[in-house]
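Worksheet for the structure shown next.
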Amino acid sequence: MSKNLERIGDYTTSIAEQIHFIETGTQPDGDRPKADGTSVLSSL
């Protein structure tokens, strides 16, 4: 299941990048961040 969610995220990012290109005529700057710490619990 997690693999499928990752693929959905990749497709969503690709669509967003295509929309950005259509609207601005330029590719998004830099690489996409690969690590996201939002799912990590913060220490109290």
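Any idea how many residues of the range 16-34 are assigned to a helix (DSSP H, G or I) and surrounded by 10 or more Cβ atoms within 10 Å (Cβ to Cβ)?
Within the range 16-34, residues that are assigned to a helix (DSSP H, G or I) and surrounded by 10 or more Cβ atoms within 10 Å (Cβ to Cβ) number 6.
Name the residue that is modelled with the highest pLDDT, counting only residues in the range 15-32 that are under 14 Å from the mean Cα position of the chain (by Cα) and among the small types (Gly, Ala, Ser).
Filtering the range 15-32 for residues that are under 14 Å from the mean Cα position of the chain (by Cα) and among the small types (Gly, Ala, Ser), the one modelled with the highest pLDDT comes out as Ala16.
The values are calculated or read from the model by the stated rules, or taken from the named source; none is laboratory data. All values derive from a computational prediction rather than experimental measurement. Note that each Cβ is placed from the backbone with ideal geometry, even for glycine, and that neighbours are counted across all protein chains shown.
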